[in-house]
Amino acid sequence: MTLRPLILISNDDGVRALGLRTLALAVSAVADVVVMAPLEEASAKSHALTLARPLRHRLDRVEGGVEFHSVDGTPADCVYVALFKADFLKRPPSLVLSGINHGYNLGSDTFYSGTVAAAREAALRGIPAIAFSLGQGGQFEQAASSAKLFVDRALANLKAMPLLTNVNFPPQPDHLGFRVCRLGRRSYKDDVYLREDPRGHEYFWIGGPPTAHHEPLEGTDTFAVDQGYCSVTPLGLDPTADGAMADLATLLR
Ligand code: MN
């Protein structure tokens, strides 16, 4: 009897999030699935690790044969604990998934995203990982069935998979298929909202309105989802700006 592949799933919206549940249950049709996700929502935590306080791991629930575990930390903490806590996984995972995030992770969102970071944490350990996100207002069932299709293809040809892949589903019910593209440009209206607490002290809330402007650049993820495609972007693990090295060396000569 051949073992089914093992897939580890995390997210940044928390262990009770609908996107996570829908993805885990869909993928459990083709693989053994274990979930390790943040106890609380941890969106925009990027790749933070919790090093200055203890972490607690607990089994949240078992649903559809899938164990949903939580760690009271960040998305990257969750993947780190799942991969390195002795005897947590019975065998090395073939693939690590993150999501499905509630909302897009396009363009520069990928720097802030805890969803992408959970996947990156696995990729840094040499395990292929895919981050999935769904545009606001989309149906998770539909996105999860497309994610399952992607996972089927990946499992059938893991050697062809990049270590880190970022996928975004448009919210409309019938997307036009997958489109491999580069990161686009997403600009938010930045703002700091000032308020006063009941004791007269100032507090503020960062991040402007959730809507973002997408530059309509052909071949980018922002353009692909705006056109109704699922964007698929391989992300590198080495952010060195090769083109700037010679100029910097000259500047410092
Ligand atoms: Mn999120």
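The values are calculated or read from the model by the stated rules, or taken from the named source; none is laboratory data. Since we're looking at a predicted model, the values are computed, not measured. Cβ sites come from the backbone with ideal geometry, for glycine too, and all protein chains shown count toward neighbours. What goes into the accessible areas is simple: the full protein's heavy atoms, side chains included, and nothing from ligands, DNA or RNA. Shrake-Rupley method; radii C 1.70, N 1.55, O 1.52, S 1.80 Å.
Normalised by residue count, segment 104-169 yields a Cα convex hull volume of 78 Å³ per residue.
Helices assigned as whole DSSP H runs in the chain whose Cα atoms extend at least 15 Å along their own long axis and whose mean Kyte-Doolittle hydropathy is 1.0 or higher are not found. Principal axis analysis of the Cα atoms in segment 54-177 yields extents of 43, 33, 31 Å, listed in decreasing size. Estimated from helical segments only, the mean residue ellipticity of the chain at 222 nm is -7000 deg cm²/dmol, where each DSSP H run of four or more residues counts as -39500 (n - 2.57).
Proximity of backbone amide H atoms, modeled 1.01 Å from N, is registered between SER108 and ARG186 at under 5 Å, excluding neighbours fewer than 5 places apart on the same chain.
What is segment 139-253 by shape, rounded, prolate or oblate, if you read a ≥ b ≥ c off the alpha carbon gyration tensor as root eigenvalues and call it rounded for a/c under 1.5, prolate for a/b larger than b/c, and oblate otherwise? Oblate, because a/c is 1.5 or more while a/b does not exceed b/c.
Apply the a/c threshold of 1.5 to the C-alpha gyration tensor of segment 72-142 and tell me whether it is rounded, prolate or oblate. In terms of gyration-tensor shape, prolate. Using the average count of surrounding beta-carbon atoms within 10 Å as a protection proxy, the listed peptides 172-178, 50-56, 216-222 rank, highest first, as 216-222, 172-178, 50-56. Here the accessible area of segment 101-249 is 55 percent carbon and sulfur, with a 1.4 angstrom probe and all protein chains present.
Each peptide in 187-194, 39-46 receives the mean, over its residues, of other Cβ atoms within 10 Å, and ordering these scores from highest gives 39-46, 187-194. Couplings 3J(HN,Hα) for segment 56-71, derived from phi with the Karplus relation 6.51 cos²θ - 1.76 cosθ + 1.60 (θ = phi - 60°), are 10, 10, 8, 7, 6, 5, 10, 9, x, x, 9, 7, 9, 9, 10, 10 Hz, where x marks Gly and Pro. Relative contact order for segment 22-148: 29 percent, from Cα pairs under 8 Å spaced at least 6 residues apart, divided by residue count.
Taken as Cα centroids, segment 96-125 and segment 169-195 sit 14 Å apart, rounded to the nearest whole angstrom.
For the options GLY200, GLY99, GLY14, a Gaussian network treatment of the chain with springs between C-alpha atoms closer than 10 Å singles out GLY200 as fluctuating the most.
Charges at C-beta only: +1 for Lys and Arg, -1 for Asp and Glu. How large is the resulting dipole of segment 115-225 about its Cα centre, in Debye rounded to 20?
480
Dipole magnitude for the chain: computed about the Cα centre from +1 point charges on Lys and Arg Cβ and -1 point charges on Asp and Glu Cβ, it is near 740 debye.
Taking every protein chain into account, the accessible area of the chain amounts to 54 square angstrom per residue (probe 1.4 Å).
Contact order normalised by length for segment 106-209, with contacts defined as Cα pairs under 8 Å and 6 or more residues apart; what percent is it?
Contact order relative to length: 29 percent.
Remark: relative contact order (the chain) = 17 percent; criterion is Cα-Cα distance under 8 angstrom and separation of 6 or more residues.
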